[in-house]
Amino acid sequence: MDEDILTTLKILIIGESGVGKSSLLLRFTDDTFDPELAATIGVDFKVKTISVDGNKAKLAIWDTAGQERFRTLTPSYYRGAQGVILVYDVTRRDTFVKLDNWLNELETYCTRNDIVKMLVGNKIDKENRAVDRNEGLKFARKHSMLFIEASAKTCDGVQCAFEELVEKIIQTPGLWESESQNRGVKLSNQEEGYGGRACGGYCSML
Amino acid sequence: MAEEQKWSRWAWRRLRMAEETDAKEPCELVGKQLGEPGRFAYAALCGISLACLFPEKEQSSFRMEFIEGLVKWLELSDAVLPAMTAFTSGLGGEGAETFAQILLKDPVLSNNPVIITQDLVSFSLKDGYYDARARVLICHVTWLLRIPLEELEVLEESLLESLKEQKEEASETAEASRRKKERKRKLRRYLMIGLATIGGGTVIGLTGGLAAPLVAAGAATIIGSAGAAALGSTAGIAILASLFGAAGAGLTGYKMKKRVGAIEEFEFLSLTEGKQLHITIAITGWLCTGKYGSFTAPWSSMLQSSEQYCLAWESKYLMELGNALDSLLNGFVNMMAQEALKFTVLSGIVTALTWPTSLLTVANVIDNPWGVCLNRSAEVGKHLAQILLSRQQGKRPVTLIGFSLGARVIYFCLKEMAQEKDCEGIIEDVVLLGAPVEGEAKYWKAFTKVVSGRIINGYCRGDWLLSFVYRTSSAQLKVAGLQPVILDDRRMVNMDLSSVVNGHLDYMKQMDTILKAVGIKTKECRLEEKGNPSPFSSQGERRQPTADGESQEEESTLGDDDSISHDHWSWQPVPSEGLHSSDRNSDLAHPEDSEFPGSLDASRDENPAGLEKPLPTNPLPCPDSAAHVLGGTFLPCPDTNDLKNQAAHQGLD
């Protein structure tokens, strides 16, 4: 099983407090929903293997706490992340406005500039929408992010959000192959070895 | 002189500060003082450190138990467990530095980061079992927080100091409780019960010896004054009795009840008077008539911990061997020949045939006692293993150090322990000097399970005597005492002592210098530590900026290119001219490791991602008791530059 895993990706979920980061994750990993989910302390961690275009990727997902008092801890998780999911609540305009701050923080602490970003507008099941879909889309385009609206409660778009993110990461080879951690490297090494041999054969023929 | 005063004032202030903190919050644990983010960072830092120090599969249960216990201890919600589990299994390690910074910035710690160390010690001792791995972890975390490791020792000592100081007071308490029960009990039993009551009602086997009741009597006082509040909560007596061995008398009380195997003599001699939470056992390699006629003689300057023992074993045979060695070197083989031999050995073309016939004709002088001692040392090693496994020394970390056949005793001790269950967490560091044992890495692999801190192999390439006595056993071409052991593990540290050790006999004669070279504390070092004011005063000043931001610290650490492998001891700002010697261990063992300390500092500020990889492999960030000396105590070593050259030379080989 583990043999087919192409790579392990570090995914980070960030956003204001109460926008539903943990709920999104819980829906994605355990397919459950808890309306009374307690606030995250520090960071939560979950692993899930998903298959995108026939490639299996193991996702190590770090779900950060949105509460201000844990904000100091957030920089610890940015390092080495390949993908980040930026969440806002479509019913709370302030969570959308604060996205700029989050992007700034991302810029500051992230160790790579080609990190794949996904903007998720959560809680679309609610009726009192305060942020229009187009606004979100515009913002995402402006900052070259992927965009989706979702609802952890109704399961809308959750799977899609993660899949698209992973797909994009896998399509950006430099992003995960350069990591010395997993199969990606071994594969490329093998290819190199093969290439080297082929070259050797060619030379000797001359 | 003024500087000295300055230091002592500083140290005193720090102690006062710690006391004041205790006074203000008498029973307040760090768990309650720190905010939730702080506690989270603290636990995460421990988790990451555990993953980096003990990545082995067989250690996973220790890692998990430790972190789960810590989460409870810090009163964190169980919801953090998945993240902590991820940290302890090696994920998210890149955040270690950030967590450390966060923790240092916490207002509770701002002036006194040593609280964390203190809390960790209390946590580790709470079950009456000071695991060697826990101590290594504490050292590591202490290092990550830029706290000089002396602080840890001071802390551990203060635990015991308070025991001694409060002895009288405690016995008064015992007296009081004795009176209460006077009517009901017979006089003989009062003391015992009174003591047990202090500890929280747990009546335990205190009958064993003298030390245990004494230790137990102080249990209540440790709780308040030394800040180890939690120790007292349930069964202080049980904890302390367990730490020091319930038998009280400990190692010196050990008597070989019957002849074990072929062993005729096996006894622990006390080298120091003190008591300490970790102990050191030194093992002598041979005895000679005259100055080095006793087992304790070579270790006279050693002061690795204030509780040290020396193993006396098979003196009859060791004396025979020593005299044979002596007569061989002083009589049969002249100096010229010895020098020639040294270089022959150095050149590495030794085969049985190249030995001079003059030497071969006298070979029987040495071969017989050597052979006898080889066998005996193996037996003694196995016996030592059984003693350590049965915790005669109490449940606290042990450091073993030995030269020549003494190192062989250690080798076999480790080998025996590795085969047993529950062998982990007993041994902290081992130091093998000029060890006449197999140097093939695969035989040493098993030791990583037993040793929590470092495995130091001190060798000398030109040790022709060792080479000579091994000439016949062609199977063992690799002898640890002659070359590095190429074991890829953070614990393994090889040290070329060629510049200090001119021949095998020097292991005994130059022990003082060797101890300094391998980073074992000596009396001189301890004095220096106290007497040398600059490291401490500047470190006191420096700690403040570290808490606020790292820019200044970077300046101090990256300023000196030469001593790059020292940079991470930034809190121990030793003048650069004295630094080189400690490059040696990193240079020698694993070249990739030697880059690390530098890269750590670089990564701290410039390339944060760089931290990710080196951390788990590097032996240095686990500054155990031996390692942490590297920064400060090398100064007196006269051969430092030579050693460095040697190291560089070594690298070319």
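The values are calculated or read from the model by the stated rules, or taken from the named source; none is laboratory data. Treat the numbers as computed from the prediction; the structure is a model and nothing was measured. Positions of Cβ are backbone-derived with ideal geometry, glycine not excepted, and every protein chain shown enters the neighbour counts. Areas reflect the complete protein model, heavy atoms only, side chains present, ligands, DNA and RNA absent. Shrake-Rupley method; radii C 1.70, N 1.55, O 1.52, S 1.80 Å.
Given the pairs A:LYS21/A:LYS58; A:LYS117/B:LYS57; A:LYS21/A:LYS138, which are separated by over 24 angstrom at their Cα positions?
Numbers: A:LYS21/A:LYS58 19 Å; A:LYS117/B:LYS57 35 Å; A:LYS21/A:LYS138 21 Å.
Over 24 Å Cα-Cα: A:LYS117/B:LYS57.
Per residue of B:92-102, what is the mean number of Cβ atoms on other protein chains within 10 angstrom of that residue's Cβ? Don't jump to the answer; show the numbers that get you there.
Values: counts 9, 2, 8, 10, 2, 2, 9, 5, 1, 3, 5.
Average neighbour count from other chains, rounded to a whole number: 5.
For the peptides A:138-146, B:283-291, what is the packing order when you average, over each peptide's residues, the other Cβ atoms within 10 Å and list the highest mean first? Each step should come with its number before you reach the end.
Numbers: A:138-146: 14.7, B:283-291: 20.6.
Listed from highest to lowest mean packing, they are B:283-291, A:138-146.
Apply the a/c threshold of 1.5 to the C-alpha gyration tensor of region B:424-528 and tell me whether it is rounded, prolate or oblate. If you can, show how the numbers build up before the last one.
Details: a/c = 2.41, a/b = 1.09, b/c = 2.21.
Taking the square roots of the gyration eigenvalues as a ≥ b ≥ c, region B:424-528 is oblate.
Give me the summed buried accessible area for the A-B pair, 1.4 Å probe, to the nearest 100 Å².
Details: alone 10880 and 25340 Å², together 34470 Å².
It comes to approximately 1700 Å² buried between A and B.
Restricting to DSSP loop positions (anything but H, G, I, E, B) with no more than 15 other Cβ atoms inside 10 Å of their own Cβ, which GluC sites (Glu not before Pro) remain in region B:29-121? Spell out each step's value before the answer.
Values: sites: B:GLU56, B:GLU58, B:GLU65, B:GLU68, B:GLU75, B:GLU94, B:GLU97; in loops: B:GLU56, B:GLU75.
Those satisfying the criteria are B:GLU56, B:GLU75.
Which distance in Å, rounded to a whole number, links the C-alpha centroids of region B:257-327 and region B:501-531?
Cα centroid of region B:257-327 versus Cα centroid of region B:501-531: 17 Å apart.
What spacing in nm lies between the two simple spin-label points modelled at A:ARG141 and B:VAL365, each 7 Å away from Cα in the Cβ direction?
The two pseudo-label positions are separated by 9.5 nm.
Under the definition of Cα pairs under 8 Å and six or more residues apart, what whole-number percent is the relative contact order of region A:3-173? Before the final figure, lay out each step's value.
Details: 324 pairs, mean separation 43.0, N = 171.
Reported relative contact order: 25 percent.
What number comes out for accessible area per residue over region A:3-173 if the probe is 1.4 Å? Units Å², please.
Details: 7140 Å² over 171 residues.
I get 42 Å² per residue for this part.
Which whole number gives the average count of other chain Cβ atoms within 10 Å of the Cβ atoms across peptide A:57-67?
On the way: counts 0, 0, 0, 3, 1, 5, 2, 1, 4, 0, 2.
Partner-chain Cβ atoms within 10 Å, mean over residues of A:57-67: 2.
Compare the peptides B:264-274, A:42-52 by average per-residue count of other Cβ atoms within 10 angstrom and give them in order, highest first. Don't jump to the answer; show the numbers that get you there.
Values: B:264-274: 16.8, A:42-52: 18.7.
Top of the packing list down: A:42-52, B:264-274.
Quantify how strongly other chains surround peptide A:41-50 by giving the mean number of their Cβ atoms within 10 Å of each of its Cβ atoms. Can you show the working numbers first?
Details: counts 10, 14, 10, 6, 11, 3, 3, 0, 0, 0.
Mean inter-chain Cβ contacts per residue within 10 Å come to 6.
Past 28 Å, Cα to Cα, is the threshold; run B:LYS291/B:LYS395; B:LYS32/B:LYS105; B:LYS275/B:LYS478; A:LYS10/A:LYS123 against it and keep the listed order. Display every interim value, and only then the final one.
On the way: B:LYS291/B:LYS395 35 Å; B:LYS32/B:LYS105 17 Å; B:LYS275/B:LYS478 39 Å; A:LYS10/A:LYS123 25 Å.
Correct reply: B:LYS291/B:LYS395; B:LYS275/B:LYS478.
Sorted by average packing, counted as other Cβ atoms within 10 angstrom per residue and highest first, what order do A:115-123, B:442-450 take? Walk me through the numbers on the way to the answer.
Working: A:115-123: 25.4, B:442-450: 18.2.
Highest-to-lowest ranking by the protection proxy: A:115-123, B:442-450.
Lys and Arg at +1, Asp and Glu at -1: add these up for the other residues within a Cβ distance under 14 Å of B:GLY290 and post the number. All intermediate terms of the calculation are to be shown ahead of the outcome.
Working: positive: B:LYS291, B:LYS509; negative: B:ASP326.
Taking every Cβ under 14 Å from that of B:GLY290, the sum is +1.
Suppose accessible area is computed on protein heavy atoms with a 1.4 Å probe; arrange B:ASP429, B:ASP506, A:ASP30 from highest to lowest. List each step's numbers first, then the result.
Details: B:ASP429 0, B:ASP506 25, A:ASP30 80 Å².
Ranked list, largest accessible area first: A:ASP30, B:ASP506, B:ASP429.
Taking all protein chains as present, what is the carbon and sulfur share of the accessible area of region A:1-53, in % to the nearest whole number, probe 1.4 Å? Kindly include the intermediate steps, with their values, before the conclusion.
Working: 1040 of 2220 Å².
About 47 percent, which is the carbon plus sulfur part of the accessible surface.
Can you bin region A:3-173 into rounded, prolate or oblate? Criterion: square roots of the alpha carbon gyration tensor eigenvalues sorted a ≥ b ≥ c, rounded for a/c under 1.5, prolate for a/b above b/c, oblate for the rest. Each step should come with its number before you reach the end.
Numbers: a/c = 1.31, a/b = 1.23, b/c = 1.07.
Rounded is the answer for region A:3-173, as its axis ratio a/c remains below 1.5.
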